Ligand code: ADP
């Protein structure tokens, strides 16, 4: 298991270190997900899986052309589902690609689809025996999902999952912008409060 953070900058914002609760496995960090040496990083891909902008572009650039070659063989991925590839030039061993929903108005299944992304990624991680997983804030960039709601869903689904499956040891939520970082910190505080 490679859980080292390498030279990842801005690391270290761990909140709510309540020993014995699943929250101690959750880390909210700032930075670039492509630099994390975890078992798997998650890609907020589009349904073609053939690369795009944002975090998807950054992951493909850092992994190199072999990633695109493997993605081509997968034949795409529907919204809410996930697919796994190797990490190639990345410090992470695997990339789990998931396709988040495009935000419209919240009345088109966006909440459930985003929750499915988190569940399906974690199911794959379990299946491949991966203990450390790093997520970007899926759908909060080009797909315009409101960050506060997205962070809430990310946290709720992840905590629910790791409560049931102790094989997952560490989850990183990697925030690329201060607004997303703040949204996750708020969501974590809310969640912790709701548990007492
Ligand atoms: P989506 O299409 O799912 O919205 P984006 O890549 O546009 O995907 O954005 C998703 C989130 O990923 C945004 O919060 C964006 O700021 C963030 N992001 C972009 N580049 C990186 C990166 N290198 N590492 C981590 N997060 C990133």
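Rounded to the nearest 500, what is the 222 nm mean residue ellipticity of the chain from helices alone, with -39500 (n - 2.57) per DSSP H run of 4+ residues and division by all residues?
On the way: 5 runs with 74 residues, N = 196.
My calculation for the chain gives -12500 deg cm²/dmol from helical runs alone.
Run the simple label-point estimate for residue 50 and residue 142 please: 7 Å along Cα→C-beta, distance reported in nm.
Using points 7 Å along Cα→Cβ, the separation is 1.3 nm.
Along the three principal axes, how long is region 65-108 when you take its alpha carbons, biggest first, rounded to the nearest angstrom?
39, 22, 14
Using only Cα atoms, locate the centre of region 27-101 and the centre of region 123-196, then give the distance between them in Å, rounded to an integer.
17
Mind checking the full-extension length gain between residue 169 and residue 61? Use 0.36 nm per residue of separation minus the Cα-Cα distance, one decimal, nm.
My answer for the length gained is 36.1 nm.
Separation between the residue 177 and residue 107 pseudo-spin-labels, each 7 Å from Cα along Cα→Cβ, expressed in nm?
Modelled inter-label distance: 2.6 nm.
What would the Debye equation give as log₁₀ I(q)/I(0) for the chain at q = 0.13, 0.14, 0.17 Å⁻¹, counting only Cα atoms as equal point scatterers?
Normalising to I(0) and taking log10 leaves -0.61, -0.72, -1.10.
For residue 74 and residue 196, what does the FRET efficiency come to when R0 = 41 Å and r is the distance between their Cβ atoms, rounded to the nearest 0.05? Each step should come with its number before you reach the end.
On the way: r = 43 Å, r/R0 = 1.05.
For residue 74 and residue 196, the calculated efficiency is 0.45.
Values in this text are rule-based calculations from the coordinates and carry no lab data. Bear in mind that the values here come from a model prediction, so they are computed numbers and not experimental data. Using ideal geometry, Cβ is built from the backbone for each residue, glycine included, and neighbour counts are taken over all protein chains shown.
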